[in-house]
Amino acid sequence: MAVTLHSLQERKRQRERFAVITAYDATFARAVCDAGAEVILVGDSLGMVLQGQDSTLPVTIEQMAYHTAAVTRGNTGALIIADMPFMSYDTPQHACLHAASLMRAGAHMVKLEGGHWLAETVTALVRNGIPVCAHLGLTPQSVNVFGGYRVQGRDEAAAGQIEADALALQAAGASLLVLECVPTPLASRITQQLSIPVIGIGAGNGTDAQVLVLHDLLGLNPKPARFVHNFMEGQSSIQDALAAYVAAVKDGSFPGPEHSFN
Ligand code: KIV
């Protein structure tokens, strides 16, 4: 049965974790579905892992639509989230126009990076029939503002701001939230406060779901971040590695404390 926002919401209610993996083409979309992941993220991480860029900033809306369409052709029942690339949602009008091209390519929802200042944009998207996944914490499109890929929300003021942003985006209509590279206690607190499912990456094991970049979990990143585990270790095929990740997310054994920040 196809995964829907409603079924993900029900998983949160039942305290059943779900697994998210990025994919950028039809073959891997099918493999991710066969492994039992509920959600495919067509991430703008494709700029780094497919194109060899040193950030996600060069990725365009046309490239995101191209890869979303490819993933859609391989998908066999996962919910597909497509990333809105850098500067494609600087106004609510631009956001609606660009999100429409991702939805036409087959996405079920779009993901935007940023806090309370996106509330009006989120509401405009939802009013136009486009569900929204918010993304807080380390938002890679702002790497130049952060001065590097750093853990966010470490002090009380920054943690409070992320918490307030999460509540504001939920109130604006977001139906999922990605929390990236934040301390475990903060991510757990936000997950408990929100009624929408929270997907963590480098955010500890207290969230409702986990996401990893496909190439990272397959051990293809020569400089993996602390929150990455190479699921090819001990496995003899890509399909088994994907299934091992999904199983570890669902039984709560991934991420461990060694993948998390405090
Ligand atoms: O682009 C991406 O793959 C992402 C995940 C790292 C959350 O946004």
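The values are calculated or read from the model by the stated rules, or taken from the named source; none is laboratory data. Keep in mind that what you see is a predicted model, and the values were worked out from it rather than measured. Virtual Cβ from ideal backbone geometry, glycine too; neighbours counted across all protein chains shown. For accessibility, only protein heavy atoms count, side chains too; no ligands or nucleic acids. Shrake-Rupley method; radii C 1.70, N 1.55, O 1.52, S 1.80 Å.
Here are the numbers for this structure:
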{"quantity": "Estimated dipole of region 1-104 in Debye, rounded to 20 [Cβ of Lys and Arg +1, of Asp and Glu -1, Cα centre]", "calculated": "440 debye"}
{"quantity": "Cβ-placed point charges (K, R +1; D, E -1), dipole of the chain about Cα centre in debye, nearest 20", "calculated": "380 debye"}
{"quantity": "Fully extended contour minus Cα-Cα distance, from ARG73 to ALA171, at 0.36 nm per residue", "calculated": "32.0 nm"}
{"quantity": "Long-range tail of P(r) for region 45-110 (Cα pairs > 14 Å, %)", "calculated": "55 percent"}
{"quantity": "Region 179-224 shape via C-alpha gyration tensor axes, a/c threshold 1.5", "calculated": "prolate"}
{"quantity": "Residue-by-residue Karplus 3J(HN,Hα) for region 224-230, coefficients 6.51, -1.76, 1.60, Hz, glycine and proline x", "calculated": "x, 5, 4, 7, 8, 10, 7"}
{"quantity": "Accessible-area ranking of SER236, SER55, largest first, probe 1.4 Å", "calculated": "SER236, SER55"}
{"quantity": "30 Å Cα-Cα reach of LYS12 towards lysines, excluding residues that sit fewer than 8 places from it in its own chain", "calculated": "LYS111, LYS250"}
{"quantity": "Between region 144-223 and region 1-15, the alpha-carbon center distance in angstrom", "calculated": "19 Å"}
{"quantity": "Carbon/sulfur fraction of accessible area - the chain, other protein chains in place, 1.4 Å, %", "calculated": "54 percent"}
{"quantity": "Pairwise Cα inverse-distance average, inverted: Kirkwood Rh of region 112-165 (Å)", "calculated": "12.2 Å"}
{"quantity": "Accessible area in square angstrom per residue, the chain, 1.4 angstrom probe", "calculated": "43 Å²"}
{"quantity": "Cα lying deepest toward the dipole's positive end in the chain, options GLY115, PHE261, GLY36, charges on Cβ", "calculated": "GLY36"}
{"quantity": "Within a Gaussian network of the chain (alpha carbon springs, distance under 10 Å), most fluctuating of ALA37, ALA243, ALA157", "calculated": "ALA157"}
{"quantity": "Stokes-Einstein D (µm²/s) once Rh is taken as the Kirkwood radius of region 61-214 over alpha-carbon pairs, at 20 °C in 1.002 mPa s", "calculated": "137 µm²/s"}
{"quantity": "Spin-label pair SER236/SER142, simplified geometry with 7 Å Cα→Cβ offset, distance in nm", "calculated": "4.7 nm"}
{"quantity": "Low-density loop cleavage sites - GluC sites (Glu not before Pro) in region 150-238, where at most 12 other Cβ are within 10 Å (DSSP)", "calculated": "GLU233"}
{"quantity": "Choice from ALA31, ALA158, ALA70 with maximal GNM fluctuation in the chain (Cα, 10 Å cutoff)", "calculated": "ALA158"}
{"quantity": "Unit charges at the beta carbon, dipole of region 28-115: most positive-side option, SER55, PRO85, TYR66", "calculated": "TYR66"}
{"quantity": "Unit charges at the beta carbon, dipole of the chain: most positive-side option, ALA225, GLN9, VAL182", "calculated": "GLN9"}
{"quantity": "Chain lengthening between VAL126 and ALA26 when straightened (0.36 nm per residue, less Cα-Cα)", "calculated": "33.3 nm"}
{"quantity": "Simple spin-label estimate for ASP34 and ARG150 in nanometres, 7 Å along Cα-Cβ", "calculated": "4.4 nm"}
{"quantity": "Computed lengthening from GLN192 to TRP117, 0.36 nm per intervening residue step minus Cα-Cα distance", "calculated": "24.7 nm"}
{"quantity": "Spin-label model distance (nm) - LEU50 vs ALA247, 7 Å beyond Cα toward Cβ", "calculated": "3.0 nm"}
{"quantity": "All-pairs Cα distance distribution in the chain, expressed in whole percent, bin size 10 Å", "calculated": "8, 33, 41, 17, 1"}
